[in-house]
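The values are calculated or read from the model by the stated rules, or taken from the named source; none is laboratory data. What you see is a predicted model, and the numbers here were worked out from it, not measured in a lab. Heads up, the Cβs are rebuilt from the backbone with ideal geometry, glycines too, and the neighbour counts pull from every protein chain shown. Note: accessible area is taken over every heavy atom of the protein model, side chains too, but ligands, DNA and RNA are not part of it. Shrake-Rupley method; radii C 1.70, N 1.55, O 1.52, S 1.80 Å.
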Amino acid sequence: MSGGAGFIGSHVTVELIEAGYDVIVADNLSNCDMTCFNGVKKITGREDIPFVKMDFCNPVATELLFDSNQIDAVIHFSGYKAVGESVMDPLKYYKNNLESFINVIESARDHGCSNILFSSSATVYGEPDVLPVTENTPRQPATSPYGNTKQMCEDILRDSVKAYSNIRGIALRYFNPIGAHPSALIGELPRGVPNNLVPFITQTAIGKRECLSVFGDDYPTPDGTCQRDFIDIVDLAKAHVFAVRRMLEGKMKDEYEIFNIGTGKPLSVMELIKGFEKANGVKLNYKIAPRRPGDVTAIWADPSLANKELGWKAERDIEETLAAAWAWEKHIASGE
Ligand code: UD1
């Protein structure tokens with residue numbers, strides 16, 4: 001698993017191990033530390049999970065990893081993900097996100113690793129005309145270099161599996177992953193000021209941030225704030241187990257498949273804030289601020305293809321998810 005020590009990777013590692021798979025976690029730790037990986041070891045009770053500190057932009061290191069291990073499937077998470085930064089420094093994003101994925105595909109192809117799972121994003125849909133979005137909803141031109149790398153990586157995978165007959169691929173398009181593992185031992189650990197809504201909420205609730213800005217309340221939505229498909233991180237992680245199993249068991253219907261990983265239920269920014277207050281019995285200090293450039297008004301998934309083909313479904317309810325996010329924030333603050 002590339003980029004396996006981060007927010008999504010650590011939750012996926014737990015679910016894969018609990019499903020009986022052996023996992024090698026590889027990460028260059030450029031955007032996280034060992035906190036979550038150590039949490040994964042505690043949750044699973046497995047001190048022996050292999051960890052390789054390496055950069056997938058290095059083709060030699062990537063080759064070596066595949067040379068020295070029998071790898072049946074690879075999940076590619078590694079990549080930069082800050083939308084704003086990608087606009088300021090696009091080459092950093094193109095270089096890192098594309099090079100690392102190309103190296104992974106090449107090494108997989110050359111080492112008999114047939115199964116490649118790519119972590120994509122709902123960002124590829126841009127501002128959709130029709131909601132909810134299905135996998136056939138046309139992608140819109142990306143609004144940021146980050147979003148563009150997601151589209152380009154999808155295309156690289158699609159074209160590669162078409163050309164090289166010994167590999168196949170799945171792209172999972174995540175909607176808005178939030179929350180934390182119920183153990184509160186792993187969760188989202190943004191560096192600096194969080195860009196994403198839920199880490200900003202929990203940091204405001206704990207007093208690290210003074211006030212949460214709600215970016216725009218004049219959108220054409222029921223309450224004027226943006227609508228998203230917030231998906232619990234544990235639910236999202238489980239989708240990877242189903243997708244990996246589908247590949248390993250040769251159940252794919254096409255050499256390249258795409259699945260939306262969302263709940264199918266829209267929730268507004270304001271509904272999420274109120275949900276957080278209710279779930280945790282806390283009051284959030286927030287104010288209405290101007291719209292954030294680049295935000296889409298509303299997007300949520302039609303997850304029926306993943307429900308049917310993967311046999312996966314989002315299950316946790318939003319209050320549980322927001323309680324887990326809060327428990328994780330308190331766990332970090334406790335410094336344990
Ligand atoms: C963003 C990225 C998306 C990425 C995803 C990862 C953009 C345009 N998209 O999605 O590509 O895959 O993160 O989770 O940046 N909000 C506030 N106040 C805040 C922070 C956010 O009101 O302090 C609002 C935003 O305006 C938005 C919603 O909360 O309407 C969700 O924002 P965020 O968590 O950043 O996710 P996205 O922008 O949907």
If you scan the stretch 239-252, which residues turn out to be surrounded by 13 or more Cβ atoms within 10 Å (Cβ to Cβ) and under 20 Å from Val23 (Cα atoms)?
Ala239, His240, Val241, Phe242, Ala243, Val244, Arg245, Arg246, Met247, Leu248
Residue by residue through the stretch 300-328, note down the ones that are open to solvent by less than 10 Å² (accessible area, probe 1.4 Å) and not in a helix (DSSP H, G or I).
Ala301, Trp312
Any idea how many residues of the stretch 160-210 are under 18 Å from Ala122 (Cβ atoms) and away from the ligand (no atom under 13 Å from the Cβ)?
2
Phe230 vs. criteria buried (at least 24 other Cβ atoms within 10 Å of the Cβ), more than 29 Å from Glu154 (Cα to Cα) and within 15 Å of the ligand (Cβ to nearest atom):
no
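Just for strands (runs of 3 or more DSSP E) wholly inside the stretch 25-86: which have at least 3 residues that are open to solvent by 30 Å² or more (accessible area, probe 1.4 Å)?
In the stretch 25-86, the matching strands (runs of 3 or more DSSP E) lie at 51-53.
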Selected residue (only one of Arg191, Arg168, Arg209 is farther than 23 Å from Leu236 by Cβ and of a type in the set (D, E, K, R))
Arg209
Take Phe215 and decide whether it is under 30 Å from Thr13 (Cα atoms) and modelled with pLDDT of 95 or more.
no
For residues in the stretch 132-149 being in contact with a helix residue (DSSP H, G or I) (Cβ under 7 Å, 6 or more places away or on another chain) and without any contact (Cβ under 8 Å) to a residue 40 or more places away in the chain, which is farthest from the ligand (Cβ to nearest atom)?
Thr137
Take Leu272 and decide whether it is under 14 Å from Arg173 (Cα atoms) and among the hydrophobic types (A, V, I, L, M, F, W, C).
no
Set Asn166, Asn148: member being open to solvent by 10 Å² or more (accessible area, probe 1.4 Å), modelled with pLDDT of 95 or more, assigned to a loop (DSSP other than H, G, I, E, B) and polar (S, T, N, Q):
Asn166
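Being open to solvent by 40 Å² or more (accessible area, probe 1.4 Å) and either aromatic (Phe, Trp, Tyr) or in a helix (DSSP H, G or I) (or both) is the filter here, so list the residues in the stretch 87-116 that pass it.
Step one: filter the stretch 87-116 for residues open to solvent by 40 Å² or more (accessible area, probe 1.4 Å), giving 87-92, 94-95, 99, 102, 106, 109-112.
If the condition is that a residue be open to solvent by 40 Å² or more (accessible area, probe 1.4 Å) and either aromatic (Phe, Trp, Tyr) or in a helix (DSSP H, G or I) (or both), then Val87, Met88, Pro90, Leu91, Lys92, Tyr94, Lys95, Glu99, Ile102, Glu106, Arg109, Asp110 are the ones that fit.
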Which numbered condition trips up Asp129, out of (1) in contact with a Ser or Thr (Cβ under 9 Å, 6 or more places away or on another chain); (2) more than 16 Å from the ligand (Cβ to nearest atom); (3) closer than 23 Å to Phe7 by Cβ; (4) charged (D, E, K, R)?
(3)
Being under 30 Å from Val244 (Cα atoms) and modelled with pLDDT of 95 or more: is that true of Leu310 here?
yes
Scanning the stretch 11-24 for residues that are touching a residue at least 40 places away in the same chain (Cβ under 8 Å) and in contact with a strand residue (DSSP E or B) (Cβ under 8 Å, 6 or more places away or on another chain), the one surrounded by the most Cβ atoms within 10 Å (Cβ to Cβ) turns out to be Val12
Within the stretch 253-272, identify whether any single residue is within 12 Å of the ligand (Cβ to nearest atom), more than 18 Å from Arg316 (Cα to Cα) and either open to solvent by 10 Å² or more (accessible area, probe 1.4 Å) or acidic (Asp, Glu) (or both), and answer yes or no.
yes
Would you call Thr221 of a type in the set (Ser, Thr, Tyr), open to solvent by 10 Å² or more (accessible area, probe 1.4 Å) and either part of a helix (DSSP H, G or I) or under 25 Å from Ala306 (Cα atoms) (or both)?
no
